[in-house]
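The values are calculated or read from the model by the stated rules, or taken from the named source; none is laboratory data. In this text the structure is predicted, and so the values were computed from the model without any measurement. Note: ideal-geometry Cβ built from the backbone for every residue, glycine included; neighbour counts use all protein chains shown.
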Number of protein chains: 2
Amino acid sequence: MSDRNEYKSNISQQVSKKIGSDIVNGVYQVGQALPTEAEFSTEFNASRTSVREAIKMLSAKGLVSSKPRRGIRVMPEEAWNIFDTDILTWALKGKPSFRVVTEFFQLRVAVEPEAAGLAAQFGLPEQKAAIWDALGRMRDTEDKSEDAMSADLDFHIGILYATRNRFYIHLKDFIRSALNVTIQHTTPAAASYDEVLATHERVVRAIEAGDTQRARMSMRLLIEDAYSLMKEPDVDIEVTAS
Amino acid sequence: MSDRNEYKSNISQQVSKKIGSDIVNGVYQVGQALPTEAEFSTEFNASRTSVREAIKMLSAKGLVSSKPRRGIRVMPEEAWNIFDTDILTWALKGKPSFRVVTEFFQLRVAVEPEAAGLAAQFGLPEQKAAIWDALGRMRDTEDKSEDAMSADLDFHIGILYATRNRFYIHLKDFIRSALNVTIQHTTPAAASYDEVLATHERVVRAIEAGDTQRARMSMRLLIEDAYSLMKEPDVDIEVTAS
DNA sequence: ATATGTATTATTATATTACTAAATGGAGCA
DNA sequence: TGCTCCATTTAGTAATATAATAATACATAT
């Protein structure tokens, strides 16, 4: 402490982010007592108050609980607010297991087809246009490029917005993480990009036409296709965090 | 301050809960500047530090952001971590609009049928038994009673657990809120309870049999039935919070 | 004159320190 | 076994200093 030459803004957020990602990425075991407030304080050379604020933020996300004499403990995973924007982001730092990828797909296959159906029913013209636009940008970019990835994301998120249902819209962070995770597990050039584009186009066409049923079906196919391209868990070495 | 005769544990959590529910229930408008730290401090007669911790918790949930000179502001709804356990609970205090009820159903109809399908595929015997048990308790209770409600909830949550997918499991808070909200909008005795029980039984049977397809279908019917019993938005007076 | 850029200032959150109180787990003892 | 006491660690308060920001006033240039 007392190294006050430069101002570091939002110390509590920085600390929260650091500890939070460590927890999410398994650096600390569930149930384990973390370092005490005082220890964190010296580790990050921040005041204890800042550390406390950081811990409060993590407890608001269900990651930790703290009690006198018991210390700060990692909560069981079930208590984590797993759809929290930050938690989903932090989780991207680690390499996901095949199990996690499967879990993502299992939820996507529930949510996204229905989202496409709702988009077909309730989507506003400009929202549908945004989906078309994203598809256009997918066409204009190289497969597996940064831009293609971003356009793909916009495509899926655009559909969520077109549902005009706030729960679906909020799942955009989930979808973002799902796509990121997927990328890391797809064998390069597993499918022809043209095929992928065609599949996506079928979805937009159905939405455009207001055909709920077809929108659902084509989206379901899209996702099942993507899942089938996943790397099998060849060995899938579970990198256990030391 | 200085009223230290009795100890109130977890002040920051209490304050956070109070301000949080006010925000969620529309007492403070989005974008509006809340009272300052100092003002909250006197309002709740807590120290400014405690208030700060409370605010940090709310900002961790995406409800507020705070900056020097700008004060504490309510974030746009889109930023709220709407699947957060606390936010969902706090939201139950207010009377939901028909729109919200619809939004709940639109997501339920995506998630729960797929969940039933996964439960049929992957559910462990004891997990399936728990679902049966919940159904049994539904049978033993009066329609619309407290216990029936609780058994119904256990039924749906039991299915989530049987998916053995952590994302689905975490949606239990969402489902809990959805069911609560639904109750408030169903006309009493709209359908025969026997019919409801039969619909539920069809779902468990399919899960028990490991019949993915039938599990999905029967759950979809269950939810669509429930939705059809909703009160039409007769007038649906939007009670604007004063 | 109007627009644009630059200080000044007041306000409000941010951060630190030091101290007190309460809760808890465990050790020691009857 | 159950009770008491103790040490530890979080919970809470208070006082103070610092940094970020919005608004205002002022100056400059076009």
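Can you name the residue in the range B:66-79 that is in a loop (DSSP other than H, G, I, E, B) and within 12 Å of another protein chain (Cβ to nearest Cβ) and, of all such residues, is surrounded by the most Cβ atoms within 10 Å (Cβ to Cβ)?
Taking the candidates together, the pick is B:Met75.
Give the number of residues within the range A:26-53 that are closer than 26 Å to B:Leu58 by Cβ, within 12 Å of DNA strand C (Cβ to nearest atom), assigned to a loop (DSSP other than H, G, I, E, B) and more than 14 Å from chain B (Cβ to nearest Cβ).
Count: 1.
Take residues that are in contact with a helix residue (DSSP H, G or I) (Cβ under 6 Å, 6 or more places away or on another chain) and within 14 Å of chain B (Cβ to nearest Cβ) and tell me which of the helices (runs of 4 or more DSSP H) falling wholly in the range A:80-176 contain 2 or more. Show your work before the answer.
On the way: elements: A:85-91, A:98-122, A:125-139, A:146-163, A:166-170.
Helices (runs of 4 or more DSSP H) meeting the threshold: A:85-91, A:98-122, A:146-163, A:166-170.
Is the range B:176-190 home to any residue that is among the charged types (D, E, K, R), in contact (Cβ under 8 Å) with a residue 12 or more places away in the chain and in the same structural domain as B:Ser150 (by TED's automatic domain parsing)?
Yes, the range B:176-190 contains at least one residue that is among the charged types (D, E, K, R), in contact (Cβ under 8 Å) with a residue 12 or more places away in the chain and in the same structural domain as B:Ser150 (by TED's automatic domain parsing).
Return yes when B:Leu197 is modelled with pLDDT under 95 and closer than 24 Å to B:Ala115 by Cα and no when it is not.
Yes: the conditions hold for B:Leu197.
Could you please let me know if B:Asn45 is surrounded by fewer than 16 Cβ atoms within 10 Å (Cβ to Cβ) and either more than 17 Å from the chain's Cα centre (by Cα) or free of Cβ contacts under 8 Å to residues at least 60 places away in the same chain (or both)?
So B:Asn45 passes the test.
Condition (residue is away from every other protein chain (no Cβ under 11 Å), of a type outside the set (A, V, I, L, M), within 30 Å of A:Ile82 (Cβ to Cβ) and assigned to a helix (DSSP H, G or I)) applied to the range B:54-65: is it met by at least one residue?
The answer is no; no qualifying residue exists.
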